[in-house]
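Worksheet for the structure shown next.
The values are calculated or read from the model by the stated rules, or taken from the named source; none is laboratory data. The structure displayed is predicted, hence computed values, not measured ones. All Cβ positions, glycine included, derive from the backbone under ideal geometry; neighbour counts span all protein chains shown. What goes into the accessible areas is simple: the full protein's heavy atoms, side chains included, and nothing from ligands, DNA or RNA. Shrake-Rupley method; radii C 1.70, N 1.55, O 1.52, S 1.80 Å.
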Amino acid sequence: MRLAAMLLALCLPWLAMAQPMGDPAPLQYRDRAEEARFHALAAELRCVQCQNQSLADSNAQIAHDLRREVLNLMREGRSDAQIKQFLVERYGEFVLYRPRMEGSTLLLWLGPGVLLVAGAVLLFVHVGRRGRVAPAPAAADANQDEREW
């Protein structure tokens, strides 16, 4: 009896960490317009746990909760911008797939273009230097070598 109680006590922490495998109650939409708006908005938001999936694609429990929260905010009459702002205030700019252009995200927006231009300039300079160095004529060198033999 003691052995069974000890085994049960060892298994309890694992049971406490278990999460449901899916959303217990699927979302119900009032009409097609609400559903379309919800899916468009959920596709623009990032799951804060998965990091590489949109809120619409994620199966994490927090994604289920956030989808319910987004739908509730929509039903309260908030605009898409207000919903995004609410989530940014709560989870940070990371929650947006397309972050706003601000001072803190300027490098994110302009970095790839700057790197592309810098690479093109370096390539142009390198090719230009190679073209200016006059290679010794190969035919004249070959004739010179034959005379020396």
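Measuring r between the beta carbons of Glu34 and Leu106 and using R0 = 41 Å, the FRET efficiency lands at 0.70.
Highest average first, the peptides 37-45, 112-120 ordered by how many other beta carbon atoms sit within 10 Å of their residues are 37-45, 112-120.
The amide H of Leu55, built 1.01 Å from its N in the peptide plane, has Leu45, Arg46, Cys47 as neighbours under 5 Å, considering only residues 5 or more places off or on other chains. Computed over protein heavy atoms with a 1.4 angstrom probe, the accessible surface ordering of Met6, Met1, Met74, largest first, is Met1, Met6, Met74. Quick one: grab the alpha carbon gyration tensor of the stretch 24-91, order the square roots of its eigenvalues as a ≥ b ≥ c, and give me rounded if a/c is under 1.5, else prolate or oblate depending on whether a/b is larger than b/c. In terms of gyration-tensor shape, oblate.
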